[in-house]
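Engineer: Here it is, the structure, as structure tokens.
The values are calculated or read from the model by the stated rules, or taken from the named source; none is laboratory data. Just so we're clear, the structure is a prediction, and the values are computed from it rather than from any experiment. Here the Cβ is made from the backbone with ideal geometry for all residues, glycine too, and neighbour counts use every protein chain on show. These area figures cover heavy atoms from the full protein model, side chains too; ligands, DNA and RNA do not enter into them. Shrake-Rupley method; radii C 1.70, N 1.55, O 1.52, S 1.80 Å.
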Amino acid sequence: MQTFVTRQEIIEWRQQLRGDQKQIGFVPTMGALHQGHLALIKRACSENAAVVVSIFVNPKQFNQNADLQAYPRMLEADLALLKGLENLVIFAPNEQEMYPKDLPFSPMPLGRIGQLLEGAHRPGHFEGVVHVVHHLFALVQPKKAYFGQKDFQQLAIIRLLNTFYGFGIDIIGCETVREADGLAMSSRNLRLNAQERQNALAISQALHFVQNYAGKSTVEQIKKDACAIIKQAGLTIEYLEIVDPYTLENCIEWQKEQVCCVAAICGEVRLIDNMLCESVL
Ligand code: PAF
């Protein structure tokens, strides 16, 4: 495993690899790595000759400074977790290296999909994600890039970005990895105390409820009942929506497939999660 901190190191490494005709896989992260990241990285390692994992807490995608400050940073532990994986390169740049002043960038229109759900509640968030992922894709030039489905809307936006800028990368969405009790793995879980960690379970419980009852009562009623599960655990709901998996527009009636997406505040930590729900029509 090699660790690089400059763009130049990645460029030189890539040029050498291209000479050997080796295929690059890419897993972008903000560090504080957990088993969910590890699943993406292991899959990338099994499907590519070499894999780049970027670790960069991207200030541009945080719409609140307090959230940026509180985001866990643990590079040493991250490197220790990845030790032993072969053909892996870690790219851990600082902000100047990630965003050199002279590096051109023209933002893409996010369209309707960027205005819904997270887009409505975290102004500027997806613009920041697109900016950093654009620079990372352009630098790493992978054949395949791996993203978790926990960030369902982000995955949709990354697919748009890939097409808009013409990167031609295979974007691979990987299933959300959960703790044994159902909580979706997230770097933010580290900020929950024991009681909050317990309360946070209400999110996956509510999503399972929607999965089980999809099609068995009205969409409105199921949403109301799912919200009650989360509120009862003391969390504050930012949104709980049942949406079309492709457009992310709210479903008024049950379809064959829909995704229930939730953002809720647990203690001081904002958590998101989602589950695909099928209904028998
Ligand atoms: O999903 C994340 O961790 C981040 O949004 C990403 C894709 C690494 C961009 O900073």
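Engineer: Kindly provide the set of residues from segment 222-245 that are touching a helix residue (DSSP H, G or I) at 6+ places or on another chain (Cβ under 8 Å), open to solvent by 50 Å² or more (accessible area, probe 1.4 Å) and under 24 Å from GLN115 (Cβ atoms), ordered by number.
Structural biologist: Hit for segment 222-245 is GLU238, nothing else.
Engineer: A further question on this structure: Say we look at segment 107-118 and pick out the residues that are within 16 Å of the ligand (Cβ to nearest atom), in contact with a Leu (Cβ under 9 Å, 6 or more places away or on another chain) and part of a helix (DSSP H, G or I); which of these is most open to solvent (accessible area, probe 1.4 Å)? Walk me through how you get there before you give the answer.
Structural biologist: Let us first name the residues in segment 107-118 that are within 16 Å of the ligand (Cβ to nearest atom), namely 107-108, 110, 113-114, 117-118.
When the remaining residues are screened for being in contact with a Leu (Cβ under 9 Å, 6 or more places away or on another chain), the result is 108, 110, 113-114, 117.
Going one step further and asking which of them are part of a helix (DSSP H, G or I), we end up with 113-114.
Numbers: ILE113: 27, GLY114: 12 Å².
Restricting to residues being within 16 Å of the ligand (Cβ to nearest atom), in contact with a Leu (Cβ under 9 Å, 6 or more places away or on another chain) and part of a helix (DSSP H, G or I), the top hit is ILE113.
Engineer: Just for strands (runs of 3 or more DSSP E) wholly inside segment 1-106: which have at least 3 residues that are touching a residue at least 60 places away in the same chain (Cβ under 8 Å) and open to solvent by 20 Å² or more (accessible area, probe 1.4 Å)? Please lay out each step first, then the result.
Structural biologist: Values: elements: 2-4, 24-29, 50-55, 88-91.
The qualifying strands (runs of 3 or more DSSP E) are 2-4.
Engineer: How many residues, within segment 136-183, are touching a Leu at 6+ places or on another chain (Cβ under 7 Å) and within 27 Å of THR6 (Cα to Cα)? Lay out the reasoning, then the answer.
Structural biologist: Filtering segment 136-183 down to residues touching a Leu at 6+ places or on another chain (Cβ under 7 Å) leaves 146-149, 153, 156-157, 173-174, 181-183.
Applying the additional criterion that residues be within 27 Å of THR6 (Cα to Cα) yields 146-148, 157.
Of the residues in segment 136-183, 4 are touching a Leu at 6+ places or on another chain (Cβ under 7 Å) and within 27 Å of THR6 (Cα to Cα).
Engineer: Select from segment 268-281 the residues that are open to solvent by less than 10 Å² (accessible area, probe 1.4 Å) and among the β-branched types (Val, Ile, Thr) and list them in ascending order.
Structural biologist: Matches in segment 268-281: VAL269 only.
Engineer: Given the conditions (1) part of a helix (DSSP H, G or I); (2) buried (at least 18 other Cβ atoms within 10 Å of the Cβ), and given that LYS150 satisfies all but one, which numbered condition is not satisfied?
Structural biologist: (1)
Engineer: Among the residues of segment 164-187, how many are free of Cβ contacts under 8 Å to residues at least 60 places away in the same chain, under 21 Å from CYS227 (Cα atoms) and under 17 Å from the mean Cα position of the chain (by Cα)?
Structural biologist: Selection size over segment 164-187: 2.
Engineer: Do we have any residue at all in segment 167-186 that's touching a Pro at 6+ places or on another chain (Cβ under 8 Å) and open to solvent by less than 70 Å² (accessible area, probe 1.4 Å)? Please lay out each step first, then the result.
Structural biologist: Going through segment 167-186, the residues touching a Pro at 6+ places or on another chain (Cβ under 8 Å) turn out to be 169.
Filter again for open to solvent by less than 70 Å² (accessible area, probe 1.4 Å), leaving 169.
Among the residues of segment 167-186, at least one is touching a Pro at 6+ places or on another chain (Cβ under 8 Å) and open to solvent by less than 70 Å² (accessible area, probe 1.4 Å), which makes the answer yes.
Engineer: Given the criterion more than 20 Å from LEU117 (Cα to Cα) and more than 13 Å from the ligand (Cβ to nearest atom), identify the matching residue among ASN189, ASN162. Can you show your working first?
Structural biologist: Values: ASN162 fails: more than 13 Å from the ligand (Cβ to nearest atom).
Answer to the check: ASN189.
Engineer: Among the residues of segment 133-159, how many are away from the ligand (no atom under 12 Å from the Cβ) and charged (D, E, K, R)?
Structural biologist: 3
Engineer: Report, by residue number, each residue of segment 119-131 that is of a type outside the set (Phe, Trp, Tyr) and open to solvent by less than 10 Å² (accessible area, probe 1.4 Å).
Structural biologist: Residues of segment 119-131 that are of a type outside the set (Phe, Trp, Tyr), as a first pass: 119-125, 127-131.
GLY128, VAL129, VAL130, listed by residue number.
Engineer: So PHE91 passes all but one of these: (1) more than 16 Å from the ligand (Cβ to nearest atom); (2) out of contact with any Leu (no Cβ under 7 Å at 6 or more places or on another chain). Which condition number does it fail?
Structural biologist: Tallying (1) more than 16 Å from the ligand (Cβ to nearest atom); (2) out of contact with any Leu (no Cβ under 7 Å at 6 or more places or on another chain), PHE91 fails exactly one: (1).
Engineer: Among the residues that make up segment 254-267, is at least one of them β-branched (Val, Ile, Thr) and open to solvent by 70 Å² or more (accessible area, probe 1.4 Å)? Let's see the steps before the verdict.
Structural biologist: Restricting attention to segment 254-267, the residues satisfying the condition of being β-branched (Val, Ile, Thr) are 259, 262, 265.
Retained after the next criterion (residues that are open to solvent by 70 Å² or more (accessible area, probe 1.4 Å)): none.
No, segment 254-267 has no match at all.
Engineer: Right, another one. Limited to segment 58-87, what total is found for residues that are of a type in the set (Lys, Arg) and more than 20 Å from the chain's Cα centre (by Cα)?
Structural biologist: 1
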